[in-house]
Structures are given as structure tokens and as C-alpha cells.
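Below: one structure, written as C-alpha cells.
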Amino acid sequence: MTDLNDSQSELSSFLYSRRPSNEQSSRLIQGLKDDGPVSPILGLQIYRNNLRVSLVEALKEAYPLTRRFLGEDVFKEYALRFIYEYTSFQNDLNRYGEGFWYLFDKENSELSVFLKDFTQLEWTWHQLDHEVEDEILGVADLQNLLRMNPEKIVLKLRSSMKLLHLETNVFPIFQSLRSSCEKEQEIQTEICFENQALLLFKSDGQRRIDLVEKELLPFLERTAQGIHLNEFVTHFLSKEAGTSLEEALYLMISRRWLSKS
Amino acid sequence: MYLGGSAFARNPPEGPLEQKPSPISGAGLSLRECHFSQVIEKSPPVPWFEILADNFLNRSPRQLRDLEQIRSDYPIVFHCVGMNLGSASPVDKSYLKQVKVFSEAFKPEWISDHLCWTEINGHFHHDLLPLPYTSKIISHVTDRIKTIQDFLGQEILIENISSYIRFKETEMNEWDFFKEVSVRSGALLLLDINNIYVNSVNHGFKPEDYLNHIPRNRVRQMHLAGFEKQNEVLIDTHGHSVAPVVWNLYEKALEMLGSLPTCLERDNNLPNFENLLDEIKLIKARMEIDHD
């Protein structure tokens, strides 16, 4: 139905415009009745307000720590910029807000670099709540693995695992703000960002952050897709000189990094 | 028994619709997740709950355990927002598949959604946007509902929404549009009494006229909620108790339509759980008056 598509697209475009043009508003209003208690302008404003409130609230839910860091007014200004640049593309509001850090790309300051990293970390941390947890490859599976033909073994990282390499050391502030906002157990790790990257994943219902050397990231990015054991041996052991295959596998298994599936 | 949405809609019976006995009766509650633990711990005397299905479609089995516990103790219905019944976009079968899988796991007595549109060209508005009441839109929406019902394998309930704009191209009253979509698609009606009242004030009609034109045999459930008054406009916020004027309208609806299962909705400005239970008692008291 072209007419319906046109009229719905027009209203959608109006609702998602931060400052609709007079022409846009007039075209819409011309198609609406104006013989009742609610004028078309007021009616349209109600829908614009509903959309704005829904999306800003979703961003507040997705970035509570960023909100505390920036303060209410500054956060709301960034939120309004975001909602009018990045429309919601899915039904689930819990998934709205990815890419908030792109706002800081356009700014050119040390703070914007920090905020870009901070919001990426917060978003990834927040989304872990929605991840479905797969079964871990456990120590009990290790012996079975070592008996198999190495060429047939495919290792995969946990399906919830996300790899982040950040430019700034956001973690102390992240931890500090988290401790006042969240009831989860303290993340048991120290962060040194000089040459390390983050692995964020879910295990036993808890969100976790682990550290790896940045130079391991390309290998880990491939392990996320599945990597044969021989390749694992070649890449991983070359980085961890003096480590046996069994030790290397045990290291990854004990950290609960590997998926059984 | 579901005969297939298309087949059922071609020959809608004029008399009472055949309805299988249902555990959904009396005054229920639209249950928010923040109240799950109280329901599990205290087993409140609520005969059934309405679950906002879209909030749970992407959850892991671990995250659904509380809902499983509630389901084992109470009958439930699903209330969706994502079917996008009136959109010009194609029917979202991936969404319907999620609803179907969720429904097969949790076995709600029925599934409902709103007679509106929520998405176009991939842009979601997280709001219930209105449709013009025209014969062309009736045909369009009817086809979509039939497709959805065929996919889900059951009739759905469609709910009337509150609206803040009206289209010049509209050819008929809202209640005639609502009724006609129901009859032609086979979908049954979820009558939101608060929305009728809100629209009657905002668009200038008598709410009793709406009730007078709704066929009794097509209504399966009712909703009650609160509104907010901003200047002279009523906004359907679901953030207040049911207003006295809406209680009056509800009593008239009970006289005209019978004591149908009625769900209290409260989404915002949530009071404590006991306050909600008190409001449910008010629904129950009105339902127990002999209306037949």
C-alpha cells in the first residue's frame, strides 16, 4: 500500500526530526482533523514527546554510569543528539543505544577519547545481561580433548565474549561508579591499559572482565569464530614461550573462556 | 478450537462465539517484572496475570526462571506490542516466530496486541500510532491479522488504543472500524475502557456510544488503567489509579457486555504491590454485581 507507506513514512520522519521543518509540519497537519479538543499540532507534539521520552529513558537504562559521570543535563543533551541521529531499528528497547560513543568521535579532546572508551565499555558490560550463556569447556573435557586428533579439534570462545581494546584507562572510574550503582560482586581484576585489552563475557550468570595482551587479540578474534587446534598451537604457543599445549589449554579453560559447543 | 484465522473470519457467527472453558476470569493484573519476587513469595489471590511478552522474548532460560515459576502457579495471557498490525511494512515473521516459541513454552490462554502501527521501513517508534478509519485500511489490517493468526495457529485479541490525532480521510467512527476489523479477521476484542474514555474527551464523542456499538460476543477481555490530564488533554500514561469517570464507564461496560475478564494495567509511577491488589479488589467488587 503505497499511500499508507507514504503517510506512515512521513509521520515517522517527522517524529524522528529534532527540528521538523515548517513544510514537514504543514504537510502532516493538512491531513489531520482540527475540529476537536486536541489540535493536530498538540496531538503530534504528544507523539514526539512519547518517542523522545522512550528513547532517552532507554539510554539512561543502557548508560547509568555515563549518566552519573556526565550529570543529568549533559547526558540528556548527548542523548537527544543520539536519538535524532540514530533511530531505533529494533523492537527491543533494551538493545537501543549501541554506538553512543560515535557522538564523541566528532569531538576532539582528551575527554571525548575517554568518553568514547567509557561508553563502549559500559555498553558492552550492559549488553552482557542479555546474552544467553553457552556451556563452558571444562577441565574434565581437557583430557578428552588431548586424546583427540588435534586437526579435528575446533576451539571457540564463549558466545557472549566481547573483545575490547581501549585507548584510555577508564577502569578505575568505571569500577568506582559501578560500586555505587550495581549490586554485583566486585570485578576481581586489576587493569593496566598499557598493552592490554579486555575480554568481557558471561559465566555462571555473572558478568566478567579478563585481561589479555593486546598482541593476542588477532588470535582471539579468530578463536571467536572457531580455530583448529593446530592453529591454536601455532599462534598461542608462539606468544607464550615455554608453555606446553596442555598448559595453554588449561589456562584458557580455567579462565572459562572456551565454549563446549 | 482454532479453525485457521482466514477460515474463521470468512464465516463469523452472529450468535455467541464458541469459547472453550478458560481459567482466565475475574480481575487480573498486568504483571511487571519488579513484582515477580512478591508473587512467587506471597502467592497473592489474583486469578491470572497478563504478561508483556515483548519484554521476555530475548531472555535466556536462566532469566526466565521466575516467569516459569509464576506460570506454574497461575494462568497467564500474553500482551504484545510488536505485531505492528496496521503498518505498511511486511509482517515481521521473525518476531512472530519468537512469540510463537515463547507461547509454546509458556502456554498463555490467549495473545493480544494493539490495533495500531509501531514501525515503518525499519524505524521503530515504541509507541502505538493511530490509523485512519477507512475501508481500505480495514482490508489491509484484516489481511495482516489473518496472516499473523495463521502463523501463530490461533486467534489473537486486538486492543483499541488511545490516540491524539485524527485523519481527514477517516470514513467512519472508531468503534465501527474496530468492530469491522474484528469481524472480518476473526480476531476477538480486548476492550480498553480507559482508552475509550480518553478518546471520547480528546476527540469529542460520548463513550457510551462506543460501548453501544461493540458486539458483546466479540469481546474476550477488558483493560483498566489511569490517565493524566495535561491542560484539557487526557494522556493515556498508565501511571495513575483508575479515575472515577473510568470506573463509571467500566460499570456500564459490565452491564452491557457482562463480567468479562478484566486486567488492571499500571506501567509507570508504580505503587507498591499491595496498592495494586487493592485496586484489583475494586474491579472484583464491580464484577460481582449481577449484571445479567
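The values are calculated or read from the model by the stated rules, or taken from the named source; none is laboratory data. The structure displayed is predicted, hence computed values, not measured ones. Glycine also receives a Cβ, built like all others from the backbone with ideal geometry; neighbour counts cover every protein chain displayed. Quick note on the areas: whole protein, heavy atoms, side chains included, nothing else; ligands and nucleic acids left out. Shrake-Rupley method; radii C 1.70, N 1.55, O 1.52, S 1.80 Å.
Annotations for the structure displayed:
- In region B:171-186, the condition of being part of a helix (DSSP H, G or I), surrounded by fewer than 22 Cβ atoms within 10 Å (Cβ to Cβ) and within 12 Å of another protein chain (Cβ to nearest Cβ) is met by no residue.
- Residue list for region A:26-42, restricted to those being more than 7 Å from every other protein chain (Cβ to nearest Cβ) and either outside any helix (DSSP H, G or I) or touching a residue at least 40 places away in the same chain (Cβ under 8 Å) (or both): A:ASP34, A:ASP35, A:SER39
- Lone unmet requirement of (1) surrounded by fewer than 19 Cβ atoms within 10 Å (Cβ to Cβ); (2) within 14 Å of chain A (Cβ to nearest Cβ); (3) in contact (Cβ under 8 Å) with a residue 60 or more places away in the chain for B:LYS229: (3)
- Residue list for region A:142-171, filter: open to solvent by 30 Å² or more (accessible area, probe 1.4 Å), closer than 16 Å to A:ARG255 by Cβ and not in a strand (DSSP E or B): A:SER159
- One residue stands out in region B:209-226 among those that are part of a loop (DSSP other than H, G, I, E, B) and under 20 Å from B:ASN173 (Cα atoms): the one that is nearest to the other protein chains (Cβ to nearest Cβ), namely B:HIS213.
- A count restricted to region B:127-138 and to residues that are free of Cβ contacts under 8 Å to residues at least 24 places away in the same chain and over 21 Å from B:MET222 (Cα atoms) stands at 1.
- Extreme residue, nearest to A:PHE82 (Cα to Cα), among residues of region A:99-134 that are assigned to a loop (DSSP other than H, G, I, E, B), more than 14 Å from chain B (Cβ to nearest Cβ) and open to solvent by 30 Å² or more (accessible area, probe 1.4 Å): A:LYS106
- Residues within region B:258-275 that are of a type in the set (A, V, I, L, M, F, W, C) and modelled with pLDDT under 95, tallied: 2
- Among residues of region B:51-86, those that are among the small types (Gly, Ala, Ser) and modelled with pLDDT under 95, counted: 1
- With respect to the conditions (1) aromatic (Phe, Trp, Tyr); (2) in a helix (DSSP H, G or I); (3) under 23 Å from A:LEU44 (Cα atoms), B:TYR250 falls short on a single one, namely (3).
- Flag if A:TYR47 is of a type in the set (Phe, Trp, Tyr) and within 7 Å of chain B (Cβ to nearest Cβ): yes
- Residue within region A:103-115 that is more than 18 Å from the chain's Cα centre (by Cα) and more than 30 Å from A:ASN169 (Cα to Cα) present: no
- Scanning region A:78-98 for residues that are more than 8 Å from chain B (Cβ to nearest Cβ) and in a loop (DSSP other than H, G, I, E, B) yields A:TYR86, A:TYR96, A:GLY97, A:GLU98.
- Positions within region B:188-216 being open to solvent by 40 Å² or more (accessible area, probe 1.4 Å), in contact (Cβ under 8 Å) with a residue 24 or more places away in the chain and not hydrophobic (A, V, I, L, M, F, W, C), in sequence order: B:TYR197, B:GLU208, B:ASP209, B:ASN212, B:HIS213, B:ARG216
- Residue within region A:234-256 that is part of a helix (DSSP H, G or I), at pLDDT 80 or above and either exposed (fewer than 13 other Cβ atoms within 10 Å of the Cβ) or not assigned by TED's automatic domain parsing to the domain that holds A:LYS162 (or both) present: yes
- The residues listed here are B:ILE120, B:ILE137; of these, the one that is open to solvent by less than 20 Å² (accessible area, probe 1.4 Å), facing another protein chain (nearest Cβ under 9 Å) and either polar (S, T, N, Q) or within 26 Å of A:LEU55 (Cα to Cα) (or both) is B:ILE120.
- Test: residue in region B:156-168 that is open to solvent by 10 Å² or more (accessible area, probe 1.4 Å), more than 14 Å from chain A (Cβ to nearest Cβ) and assigned to a loop (DSSP other than H, G, I, E, B): no
Okay, residues lined up against (1) in contact with a Ser or Thr (Cβ under 9 Å, 6 or more places away or on another chain); (2) open to solvent by 30 Å² or more (accessible area, probe 1.4 Å):
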site: A:TYR16; (1), (2): yes, no
site: A:PRO20; (1), (2): yes, yes
site: A:LYS33; (1), (2): yes, yes
site: A:TYR47; (1), (2): no, no
site: A:VAL56; (1), (2): no, no
